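The values are calculated or read from the model by the stated rules, or taken from the named source; none is laboratory data. Small disclaimer: the values here were computed from a predicted structure and weren't measured. Reconstructed Cβ throughout: ideal geometry from the backbone, glycine too, with neighbour counts over all protein chains shown.
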Amino acid sequence: MFGDITTNPYHLETIIRSDLTKALRSLVPEMLEETQMAIPEYLKITASATSVVIPLFPTMVHLVARVGNRAMIGAPGCRNEKFLKKQVSVAEEVIPMSQVLNWFPGFLRPAVWKLFCVTVGAKDDAVKLVTPYVQSRIEYAQQDNPSTITDLLLRYAPEEDLLDVPKLAVRVVHLNMAAIHTSGIFTTHALFELARMPPAQVEEIRAEILAAIDSEGGVCNKAAVGKFYKLDSLLKEIGRFHSLFAVGSSRVTLREAVIADGTVLPQGSVVAFAPKPLHHNSQVYRDPYTFDPFRFAKLRTGDNAARDVQQSFTNLSNDYIVFGLGKHGCPGRFFAALMIKVIVSELLLSYELAFPEGASQMPKPFAFNIFTVPNPSAKLVFTRRK
Ligand code: HEM
């Protein structure tokens, strides 16, 4: 579907090799600035009103696409609405298409996918639209201070790819695909949860955010966002409680393996993990069917740093597989967590959140195939705070 990406995944290496995590410090102010610019455009409150009702999930997916692309390709590319729309459509097409492709024999799949792309698919359009922005980053990438994820990508690109910019652009589209809907789902769930939470708990989260920013001299930087422990706990609980997928982290056994209960897996077996039973295991999580936004914040004692890190949203463990496991665990998770916190905290400090009158406070999620996403038509009311 995406050329030689799977056989030569150097764009994953750029992230895995911690360059992105190092760059996050400078990306936080940029993402915050983009969030502040984008919010009035996406949450249009007319001059005579103080509030607006919006379909939350699609709006948050677009906001994440814009803010994420400020980090991915920089400005002004991140504000190209035509590109953002196509980019969002890519994931919405690729996932169902990957199921459709399974109906065809292996040798026909590349042709079917190509036919789909040139007739209705958004992928080729997204690649075409982002290519000029990737091209414009090529000279920046050689500098000491890369300021976008594309700059990092270009640092690792082999010489021949630098001469074939659309090939590089495919990798940007691919990374965006991994980043946007996943982060949009968490942003949406967080705002729905905040809207139905007792006001006192919402105030606790706001107070902690303000105190963290205050502790950094009034600047919402990476260090400040790192102290949003209650918001971090809320996000982690969202991942535990609302499973994104029925099975994930699939792997193929390279040789025969015997698992703990004695089951023998022959070489070539496909194995996947089911998050829901793991995340609702009462031996690990007390009262697992109760949504407790502060579940993980309460487990932070402050006197054992290592134990506190284990409670963080981005920590991978056998009992928490929202970001997968092991070597292939999501390399973008630190970036995702920061971006979601920047967006949610900015919205929370600027608006009161509520469900429209008469609307369900538990909008039924939308399930397809192995995925579950927030209900795309459920709305939320944003009222400007005084
Ligand atoms: C809340 C947001 C996110 C969630 C829940 C999420 C979840 C996941 C999961 C479950 C996997 C599979 C891990 C495994 O197989 O064990 C994965 C892989 C991956 N994710 Fe994320 N992800 C998120 C955001 C991001 C972002 C923002 C990026 C990029 C900037 C990203 C890039 C990737 C990549 C490149 C892989 C493939 C890693 C590999 O195969 O080695 N993800 N993600």
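Worth pointing out:
- Some residue of region 304-326 being assigned to a helix (DSSP H, G or I) and within 30 Å of residue 102 (Cα to Cα): yes
- Considering residues of region 346-386 that are assigned to a loop (DSSP other than H, G, I, E, B) and touching a His at 6+ places or on another chain (Cβ under 8 Å) only, the residue farthest from residue 239 (Cα to Cα): 365
Here's the yes/no breakdown for (1) in contact with a strand residue (DSSP E or B) (Cβ under 7 Å, 6 or more places away or on another chain); (2) assigned to a helix (DSSP H, G or I):
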{"site": "224", "(1), (2)": "no, yes"}
{"site": "230", "(1), (2)": "no, yes"}
{"site": "237", "(1), (2)": "no, yes"}
{"site": "260", "(1), (2)": "no, no"}
{"site": "272", "(1), (2)": "yes, no"}
{"site": "277", "(1), (2)": "no, yes"}
{"site": "281", "(1), (2)": "no, no"}
{"site": "285", "(1), (2)": "no, no"}
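- Residues within region 156-169 that are part of a helix (DSSP H, G or I) and either within 16 Å of the ligand (Cβ to nearest atom) or among the aliphatic types (A, V, I, L, M) (or both), tallied: 5
- Any helices (runs of 4 or more DSSP H) falling wholly within region 1-119 and containing at least 3 residues that are at pLDDT 80 or above and hydroxyl-bearing (Ser, Thr, Tyr): 19-42
- Condition broken by residue 183, with the remaining ones in (1) within 30 Å of residue 362 (Cα to Cα); (2) out of contact with any Phe, Trp or Tyr (no Cβ under 7 Å at 6 or more places or on another chain); (3) away from the ligand (no atom under 16 Å from the Cβ); (4) part of a helix (DSSP H, G or I) satisfied: (3)
- When 369, 318 are checked against the criterion of being at pLDDT 90 or above and within 16 Å of the ligand (Cβ to nearest atom), a single residue qualifies: 318.
- Residue pairs meeting the criteria (Cβ under 8 Å; at least 6 apart or on separate chains; first over 22 Å from residue 328 (Cβ atoms) and assigned by TED's automatic domain parsing to the domain that holds residue 181, in region 232-255; second basic (Lys, Arg) and assigned to a helix (DSSP H, G or I)): 232/341; 233/295; 233/298; 237/295
- Test for residue 207: is it farther than 27 Å from residue 26 by Cβ, of a type outside the set (Lys, Arg) and in a helix (DSSP H, G or I): yes
- Pairs with Cβ under 6 Å, 6+ apart, first in region 171-182 and farther than 13 Å from residue 94 by Cα, second within 6 Å of the ligand (Cβ to nearest atom) and small (Gly, Ala, Ser): 179/332
- The residues of region 297-307 that are over 15 Å from residue 231 (Cβ atoms), surrounded by 11 or more Cβ atoms within 10 Å (Cβ to Cβ) and modelled with pLDDT of 80 or more amount to a single one, 299.
- Scanning region 366-386 for residues that are surrounded by fewer than 19 Cβ atoms within 10 Å (Cβ to Cβ), in contact with a Pro (Cβ under 9 Å, 6 or more places away or on another chain) and not hydroxyl-bearing (Ser, Thr, Tyr) yields 366, 368, 369, 375, 376, 379, 381.
- Residue check for residue 207: closer than 13 Å to residue 345 by Cα, exposed (fewer than 15 other Cβ atoms within 10 Å of the Cβ) and modelled with pLDDT of 95 or more: yes
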